[in-house]
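A.B. asks: Please see the structure below; I have some questions.
The values are calculated or read from the model by the stated rules, or taken from the named source; none is laboratory data. Computed from a predicted structure; not experimentally measured. Don't worry about glycine lacking a Cβ; one is built from the backbone with ideal geometry, like all the others, and counts go over all protein chains shown. All accessible areas refer to the heavy atoms of the entire protein, side chains included, with ligands and DNA or RNA removed. Shrake-Rupley method; radii C 1.70, N 1.55, O 1.52, S 1.80 Å.
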Amino acid sequence: MHALIEYIPLILFFAVFKLVDIYWATGLLMVTTLIQVAYSYFKHGHVHARQWLFFAIAAVFGTLTLVLHDEQYIKWKATLIYAGLSLTLLSSRYVLNKNLVKKALSSILENANDSKQAIEVPEPVWNKLNLMWVAITAGIAVLNIYIAYNFSLDFWVNFKVFGLMAITFVSILITIFALYKYFPDEEEPAK
């Protein structure tokens, strides 16, 4: 459910773009992102740094788009988010010695494991997954800006909504397949 809520601004952006134009869609994106931040604060008592970052980027580039009446600014939003994510994954691993992919997926694997058996994934696998996600997010950042400047606005919006979702979904499937062999067998009793 939480993942669906995160996609609401994007879905509304797409719908309003198709019905009205990029400027109304941008304004709605800014408002819905702010509503997400407020919802998170009132529901959980805090807002994750990632949400603040997404809101800040949407607010800055959305405001530039609306004030200057130039859609080029909003096109940079996804590139900055994905480039920032790529740099964060890379620097956290090799500067801070923390594998954020391992940290995020370990907690998900523990919560999804009904057998309560420990899921042991070798460190080199986590490092490869981290590098894979660095490459994917960097690739998305480059691809987004390439499409933004070499294709029509309509094509870019469709890519932003459907292309990025498809790339993310395929990347998640690849990650699951890479981790699948480390899942405990369902027939084995818990140790």
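A.B. asks: In nm, to one decimal, how far is the VAL125 label point from the VAL20 one, both placed 7 Å along Cα→Cβ?
C.D. replies: 4.9 nm
A.B. asks: Apply the Karplus curve 6.51 cos²θ - 1.76 cosθ + 1.60, θ = phi - 60°, to the phi angles in segment 162-171 and return the couplings in whole Hz, x for Gly and Pro.
C.D. replies: Result, ordered by residue: 8, x, 5, 5, 5, 4, 5, 4, 5, 5 Hz.
A.B. asks: Can I ask one more? How long is the gain from TYR94 to ILE176 if the chain were fully straight, where each residue apart is worth 0.36 nm and the alpha carbon distance is subtracted? Numbers along the way, then the final one.
C.D. replies: On the way: separation 82, 0.36 × 82 = 29.52 nm, distance 2.36 nm.
Additional length available on full extension: 27.2 nm.
A.B. asks: Put +1 on the Cβ of every Lys and Arg and -1 on every Asp and Glu Cβ in the chain; which of TRP156, LEU66, PRO122 then has its Cα farthest towards the positive end of the dipole?
C.D. replies: Result: LEU66, furthest along the dipole toward the positive end.
A.B. asks: What full-extension length gain, to one decimal in nm, is calculated for ASP154 and VAL31 as 0.36 nm per residue of separation minus the Cα-Cα distance?
C.D. replies: Working: separation 123, 0.36 × 123 = 44.28 nm, distance 2.17 nm.
Full-extension gain reported as 42.1 nm.
A.B. asks: As an exercise, use a Förster radius of 22 Å and the Cβ-Cβ distance of TYR41 and MET165 to find the FRET efficiency, rounded to the nearest 0.05.
C.D. replies: On the way: r = 26 Å, r/R0 = 1.20.
E(calc), rounded to 0.05, equals 0.25.
A.B. asks: Under a point-charge model restricted to the Cβ atoms of Lys and Arg (+1) and Asp and Glu (-1), what is the dipole moment magnitude of the chain relative to its Cα centre, in debye to the nearest 20?
C.D. replies: Numbers: 14 positive and 13 negative charges, 93 e Å.
Using only the charged Cβ atoms, the result is roughly 440 debye.
A.B. asks: With every protein chain present, what accessible area does TRP76 have (1.4 Å probe, heavy atoms only), rounded to the nearest 10 Å²?
C.D. replies: Its accessible surface works out to 90 Å², give or take rounding.
A.B. asks: May I pose another question? Please report, to two decimal places, log10 I(q)/I(0) for the chain at q = 0.16, 0.18, 0.19 Å⁻¹ as given by the Debye formula with identical point scatterers on the Cα atoms and no solvent.
C.D. replies: For the requested q values the scattering log ratios are -1.11, -1.29, -1.37.
A.B. asks: Oh, and also: Given a 1.4 Å probe and the protein chains all in place, what does the accessible area of SER171 round to, in Å² to the nearest 10?
C.D. replies: Probe radius 1.4 Å; accessible area of SER171 about 10 Å².
A.B. asks: Measure nothing but the geometry: give the 0 to 90° angle between the long axis through the Cα atoms of 2-19 and the longest principal axis through the Cα atoms of the chain, rounded to 10°.
C.D. replies: It is inclined by approximately 30 degrees.
A.B. asks: Extending each Cα 7 Å along its Cβ direction at VAL67 and PHE183, get the distance between those two points in nm, one decimal.
C.D. replies: 5.0 nm
A.B. asks: Also, I was wondering about something else. Which of LYS98/LYS181; LYS128/LYS181; LYS43/LYS75; LYS75/LYS160; LYS102/LYS128; LYS77/LYS103 have a Cα-Cα distance over 20 Å?
C.D. replies: Numbers: LYS98/LYS181 23 Å; LYS128/LYS181 15 Å; LYS43/LYS75 31 Å; LYS75/LYS160 9 Å; LYS102/LYS128 10 Å; LYS77/LYS103 26 Å.
Check vs 20 Å cut-off fails for LYS98/LYS181; LYS43/LYS75; LYS77/LYS103.
A.B. asks: Roughly to the nearest percent, how much of the accessible area of the chain is carbon and sulfur, given a 1.4 Å probe?
C.D. replies: Values: 8180 of 11690 Å².
Looking at the chain in its full context, I get 70 percent from C and S.
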